[in-house]
1. Name the residue that is nearest to the chain's Cα centre (by Cα), counting only residues in region 91-110 that are at pLDDT 85 or above and open to solvent by less than 50 Å² (accessible area, probe 1.4 Å).
2. Can you tell me which residues in region 44-55 are open to solvent by 10 Å² or more (accessible area, probe 1.4 Å) and either assigned to a helix (DSSP H, G or I) or closer than 10 Å to CYS16 by Cα (or both)?
3. Report yes if some residue within region 399-419 is more than 23 Å from ARG545 (Cα to Cα) and modelled with pLDDT under 80; otherwise report no.
4. Here is a list of conditions, (1) part of a helix (DSSP H, G or I); (2) open to solvent by less than 10 Å² (accessible area, probe 1.4 Å); (3) under 26 Å from GLU75 (Cα atoms), and SER253 meets all of them except one; can you say which number that is?
5. Can you pull out the residues in region 262-301 that are within 23 Å of the chain's Cα centre (by Cα) and more than 25 Å from PRO323 (Cβ to Cβ)?
6. Cβ-Cβ below 7 Å, separation at least six or inter-chain, first residue in region 136-163 and farther than 19 Å from ALA181 by Cβ, second surrounded by 11 or more Cβ atoms within 10 Å (Cβ to Cβ): which pairs?
7. Can you tell me how many residues within region 72-100 are closer than 14 Å to ARG175 by Cβ and either among the basic types (Lys, Arg) or outside the structural domain of ASN34 (by the TED database) (or both)?
8. All but one of (1) in a loop (DSSP other than H, G, I, E, B); (2) farther than 20 Å from ASP481 by Cβ hold for ALA602, so report the exception by its number.
Amino acid sequence: MTIAESKQTAVILIDCQDSVGDDAYFNTAAPQNNVLVFNCSTKDYIEPLLSALRAHYVKFNAVSFVTNNAGIHTELTRFFPELFRGIRFIEQLPLPLTKTDMTELMSVAMTLSPFELVPAEPLVSTEFNQLKNFFLLDERLTDIAEHESISQLTAAFIAGLQDQKCAFSVYTQIRLLNFYANRLNKYGEVYFKSLSLKLGDTNVSILHLWQLVSDSRFTLNQRYFIYNQLLSLEFSGTLKNKSDFNTRFTAYSHVVREFALQLGLPGAFIDKEERNPDIVFVFIAQFLSPRHAPSKIVLETIKALCLSANKQVVLIDTCELLPTSGALPWYDAAYGSRGGYNAETLTYEGARFNYLQLSAGMPNLVEINGVIELIKTYKPYFTITVGESITADIISQLVPNVVVPTVSRLPHTLSQYRVFNKRFITSADEVPECLQQGILSVDMLPERTLAQSELTRDQFGIPRDKVVLAVPGNRLDAEIDDNFISMLLCISSDSYFVVFAGVFNDYEDYCNRFPVLRNISVFVGYQEDFPAFIKLVDLYVTPQRVGGGLTALCALSMSVPVLTLKYGDTYSFAGDLFAFNTLHEMGSLISAVCNDLAALDALKSSALQRFVELEALSDKYTDLFDNVVNGPLFNVASVVARSD
């Protein structure tokens, strides 16, 4: 008989009684029937329970958990679902258990998740307790000013996790981060939840995270900081369960309206007859360079305004994306980069425009008010925002603003107009009724990007005789996981090669963990001339991601099929022909075309045809401008000041 076969099924009763006090312990009620009773109070019960469970874990292969406390039932289900699957709540525990009770409870016992157990190791490390105790201090002693201390404590905790052999203890401590979050001060709550997410706890509530954006315990700038961090986690793929539009829109609206309330009414809406039809202001929350996709969209918009619509343009980089202002303890926080343009005017492909960059301290009332005064002085005919901007939304109380999205979903804005591209996968019905009138169904594609140089496979060590798969991206560390690498390694062909391009710091780590990967791939870093690079490959293969639309479009224009899951920007450009429900389906198609070059050529022809179709369906930028000017909200103030 094997060890696994000798294990038995057990019933564990978690008996919560206020009279127990701080002494929590297991009492063997019926050892011959494998019934254990855990006596505890609601205070500080979790670590003794988990420690006792670990001690008995090796004895059982399945357990039926029962508790008489609704709160404990909720917490164990929410924070430790892998351990306490199927736990039942029975207000009056049937003690002693009858034979009928035993039979019923045994019949619903759940198989225990397998864990490597090392009882000699502590369940919870000293480093974990030090980090927890730090955030039990007065919150004024644990804010962002203590960043170095927090970083040191966290580094010690993570290093300890990596050294531990007891998988049960590692699991427990990661889950305890989320469990203890609401028991700490407000900064500890945010920090523990963000740390738990980054360490792989998928049970962190997305809704609870978004509710922090409206939590009055934090300052307005702190809430906007949290909002940006959550968007970053969703964009990078760290949050596997995405929030819906209304959750994000509600959070964003609260922030915008509170900034507007603190500023006060900016003045009366400027009638179209009083505005200057030759001037347009353009806003973006982060302006970097043409190789940055949102900045590229801004530049293409400005070029059309200047050269096709003969407008004078003022570009304002509001520096609101991933701000440092309002920063609070957040594990591995993301911060926005600033463009290095030290000039009042810029030129892009023949279009000359004025440029203003706000400070790294944005958003703040002084600078937003300064922009308001600029609007009152120059009275632009309308404004365009690429992405989202608090400043631009507040300005929409004076002149109409249209928001152009940077990803394939509806933008968050309280302004008059938002663009809803025909390719969007999401539905315009998600937008609140009061904003439906301002949806503009237009779809502008940037001009086709041409190669600036000639590259060869030999330059990168790419075999000439292989079917080459490109995996490009600037966030590959967040987007690629073991499942994606396994899909690449399971392709049923000896004639393919993988090229990773962009930012992929984890490449060597994956090669060490998957030695075969090193033999069939290369990492070539960031490619400045992406069109020239993509011409060298046969297939563009993407992990699940939100962005990547412009590189996917470039690949299609070069007859390179874009293989994607049915999600995000790449899907919106590639369409259903190149999209898959699972990575397994994607791998099967890759295997097929690697072994059938005629099928690969047909797929390449379809890729170019898809690009031609997208071009045929696309609108001109001047179509967007005409829609704004001729729309029903061109002479109507936005809903920023409203509460609906």
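The values are calculated or read from the model by the stated rules, or taken from the named source; none is laboratory data. Predicted model only: the values in this text are computed from it and were never measured. Neighbour counts are summed over all protein chains in view; Cβ atoms, including those assigned to glycine, are modelled from backbone coordinates with ideal geometry. Remember, those area values only see protein heavy atoms, side chains included, never the ligands or the DNA or RNA. Shrake-Rupley method; radii C 1.70, N 1.55, O 1.52, S 1.80 Å.
1. For region 91-110, the residue satisfying everything is ALA109.
2. Initial filter on region 44-55 (open to solvent by 10 Å² or more (accessible area, probe 1.4 Å)): 44, 47-48, 51-52, 54-55.
Once the filter is applied, which keeps residues that are open to solvent by 10 Å² or more (accessible area, probe 1.4 Å) and either assigned to a helix (DSSP H, G or I) or closer than 10 Å to CYS16 by Cα (or both), region 44-55 yields GLU47, PRO48, SER51, ALA52, ARG54, ALA55.
3. No.
4. All conditions pass for SER253, except number (3).
5. Of everything in region 262-301, nothing turns out to be within 23 Å of the chain's Cα centre (by Cα) and more than 25 Å from PRO323 (Cβ to Cβ).
6. Pairs found: ALA156/GLU127; GLY160/SER125; GLY160/GLU127.
7. The total comes to 2.
8. Here ALA602 meets the rest and fails (1).
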